[in-house]
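Okay, so here's the structure we're looking at.
Quick note: the coordinates plus some simple rules give every number you see, no bench work behind them. Just so it is clear, the model here is predicted, and its values are computed rather than measured. We place every Cβ from the backbone using ideal geometry, glycine too, and count neighbours over all the protein chains shown.
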Amino acid sequence: MDKDRPHLREDEVYLGNARLPTAAATRSKFARLFTDPSFAWRALRYACGMPVRMQTEDRRVLESVIFPYLAALPKIHNVLFVGCDWYTKHYGRTFFKSKNYWTIDFSAKAQKFGAPQHVHAPLEQLAQYFPEAYFDLIICNGVYGFGLDAPEQCEAAFQQCYLRLASGGYFAFGWNDIPARDPVPLAQIAAFDRFQRHTVPPLGSWRYLTDTPYRHTYDFYRK
Ligand SMILES: C[S@@+](CC[C@H](N)C(=O)[O-])C[C@H]1O[C@@H](n2cnc3c(N)ncnc32)[C@H](O)[C@@H]1O
């Protein structure tokens, strides 16, 4: 067991900037270049500045259903995407090209995956960088349980999101509904009570559980 992160399972590893744990992630990138063809292909695409997709069901839902739906909503101009990694680097130019797209991440290592407009800070400090009611859409996927772990951190972060959203703005929240990644747990975070649940028609609900072993779930709220 990781003594600093007792919520992780035996088969999970914690990497510096809280990436998804996989068996492959424990091998060196150099070794994977020569032994893992799909990794080598992704590395080549990344080096050429091309979009690199993570091949999972939750990512498919996010990229082919949720992003197109959110981007097409009326009056969506200022967008914040929380938490950056190699597979999110192209999100601004691919899915939110006509928007004023920002990213935020508290890890210095994640900066290279951020948008040209990137804030290097914890989500909990959003108020220091943007005025109230600035954003029309905030997307916080795979951050809760991946660095945003303590109750007071979560309350502050989601409270900041609420205040930085314009009236009628949208908050899309992706999380893994398993004990290892639901550290608070979620139902006890009072900041969510201020939002209204928002049904996303293509998914048929305000909450959508994807067909993944880690139970990745999308929740949708509106201010
Ligand atoms: C799993 S990764 C990538 C998440 C990405 N948004 C996605 O769609 O998969 C989680 C990222 O969230 C960042 N992160 C975790 N807690 C954070 C916080 N409180 N404020 C800002 N960034 C945070 C980590 O540094 C990491 O880069």
Item to check | Hz values of 3J(HN,Hα) by residue in the range 206-223 - Karplus curve (6.51, -1.76, 1.60), Gly and Pro given as x | outcome: 7, 10, 10, 8, 7, 7, 9, x, 8, 6, 5, 10, 10, 10, 10, 10, 9, 8
Checklist entry - Mind ordering 34-46, 140-152 by average Cβ neighbours within 10 Å, highest first? => result 140-152, 34-46
Item to check | Calculated FRET value between residue 187 and residue 128, using beta carbons and R₀ = 41 Å, to 0.05 | outcome: 0.90
Checklist outcome for this item: 1/(1 + (r/R0)^6) with r = Cβ-Cβ of residue 97 and residue 35, R0 = 30 Å, i.e. FRET efficiency to nearest 0.05, evaluates to 0.25
Item to check | By average C-beta atoms within 10 angstrom, highest first, the peptides 179-192, 125-138 | outcome: 125-138, 179-192
Item to check | the chain: mean projected area of Cα convex hull, nm² | outcome: 12.1 nm²
Checklist entry - Over the C-alpha atoms of the range 114-206, what are the Rg and the largest Cα-to-Cα span, Dmax, in Å? => result 13.3, 36
Next on the checklist: Taking loop as defined by DSSP and a crowding limit of 15 other beta carbons within 10 Å, which trypsin sites (Lys or Arg not before Pro) in the range 184-222 fit?
Outcome noted: 215
Next on the checklist: Using only DSSP helix segments of four residues or longer, with each worth -39500 (n - 2.57), what per-residue ellipticity at 222 nm results for the chain after dividing by its residue count and rounding to 500?
Outcome noted: -6000 deg cm²/dmol
Checklist entry - What whole number of Å gives the distance from the Cα centroid of the range 58-115 to the Cα centroid of the range 175-223? => result 18 Å
Next on the checklist: Explain nothing, just compute: Karplus ³J(HN,Hα) = 6.51 cos²θ - 1.76 cosθ + 1.60, θ = phi - 60°, for every residue of the range 152-167 in order, whole Hz, x for Gly and Pro.
Outcome noted: 5, 4, 5, 4, 5, 4, 6, 5, 4, 4, 4, 5, 7, 7, 5, 4
Checklist outcome for this item: Among beta bridges assigned by DSSP with both residues in the range 57-222, the antiparallel ones amount in percent, to the nearest 5, to 40 percent
Checklist outcome for this item: Residues meeting the amide H criterion for residue 205 (H placed from the backbone, H to H distance under 5 Å, 5 or more places apart or on another chain) are 200
Checklist entry - How would you order 60-73, 154-167 from highest to lowest mean count of nearby Cβ atoms within 10 Å? => result 154-167, 60-73
